[in-house]
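Undergrad: One structure follows; several queries about it will come next.
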Amino acid sequence: MQGEYRFGPEARGLDPHGSFPAGGLGRPRERGQHQVAEKTSQTIYIEADPGTVMDVIADIDSYPQWISEYREAEVQETDADGNPKVARVVLDAAVLKDTLVMSYEWPKDRQSVSWTLVSSSLLRSLEGTYRLAPKGSGTEVTYELTVDLAVPMIGLLKRKAERRLTDTALKDLKKRVEG
């Protein structure tokens, strides 16, 4: 009986691109099958009222001044209340360099803002949310991020990059608001 020999990434249980199959090791990835993106969430306390924090978040044009991964940011369209509705940003993070166009939703209470990806070269999808909650004399800010890359990346590296992005964004926001 002849044995089957496999060489390259498949021999190690990886797909032809060197990524783990969506079904896990030992299970081939079906053509067109994508792994469900996981949400990354982090929270930080900022010594300022929610309105002040949200004003800083809403000033997307100033992001390159205080978010270290943003090289450019431009609001392309605003809603009836003057909040950014569509914005273009140039991201230069350690593992991700891309130009993103995102669409924003601002609830009337301005206690949160959510955004979704309109276009990108490297991302299939991106969803993010800042949620603000008054706490004592300040605000608890939660940043949720879900990213689905168009290029293969090992899940562990992807989650590490997402955690780095959310952690850096929250720390940069805190520094900007608190001075």
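The values are calculated or read from the model by the stated rules, or taken from the named source; none is laboratory data. Just so we're clear, the structure is a prediction, and the values are computed from it rather than from any experiment. Positions of Cβ are backbone-derived with ideal geometry, glycine not excepted, and every protein chain shown enters the neighbour counts.
Undergrad: Out of Val147, Val141, Val86, Val75, which single residue is more than 15 Å from the chain's Cα centre (by Cα) and within 16 Å of Thr40 (Cβ to Cβ)?
TA: None of the others qualify; the one that does is Val141.
Undergrad: Taking Val53 as meeting all but one of (1) within 27 Å of Thr116 (Cα to Cα); (2) modelled with pLDDT under 50; (3) not acidic (Asp, Glu), write down the number of the exception.
TA: (2)
Undergrad: When the residues of segment 95-132 are narrowed to those that are of a type in the set (Lys, Arg) and outside any loop (DSSP other than H, G, I, E, B), which ends up modelled with the highest pLDDT?
TA: Arg131
Undergrad: Taking segment 133-147, which residues are touching a residue at least 12 places away in the same chain (Cβ under 8 Å) and either over 14 Å from Ala169 (Cβ atoms) or polar (S, T, N, Q) (or both)?
TA: Ala133, Pro134, Lys135, Ser137, Gly138, Thr139, Glu140, Thr142, Thr146
Residues checked against (1) in contact with a Gly (Cβ under 8 Å, 6 or more places away or on another chain); (2) without any contact (Cβ under 8 Å) to a residue 24 or more places away in the chain; (3) more than 24 Å from Pro50 (Cβ to Cβ); (4) surrounded by 16 or more Cβ atoms within 10 Å (Cβ to Cβ):
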position: Ser62; (1), (2), (3), (4): no, yes, no, no
position: Ala80; (1), (2), (3), (4): no, yes, no, no
position: Leu96; (1), (2), (3), (4): no, no, yes, yes
position: Pro107; (1), (2), (3), (4): no, yes, no, no
position: Val113; (1), (2), (3), (4): no, no, no, yes
position: Ser120; (1), (2), (3), (4): no, no, yes, yes
position: Thr129; (1), (2), (3), (4): no, yes, no, yes
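Undergrad: Take the residues of segment 154-170 that are exposed (fewer than 14 other Cβ atoms within 10 Å of the Cβ) and part of a helix (DSSP H, G or I): which is modelled with the highest pLDDT?
TA: So, considering only residues that are exposed (fewer than 14 other Cβ atoms within 10 Å of the Cβ) and part of a helix (DSSP H, G or I), the one modelled with the highest pLDDT is Leu157.
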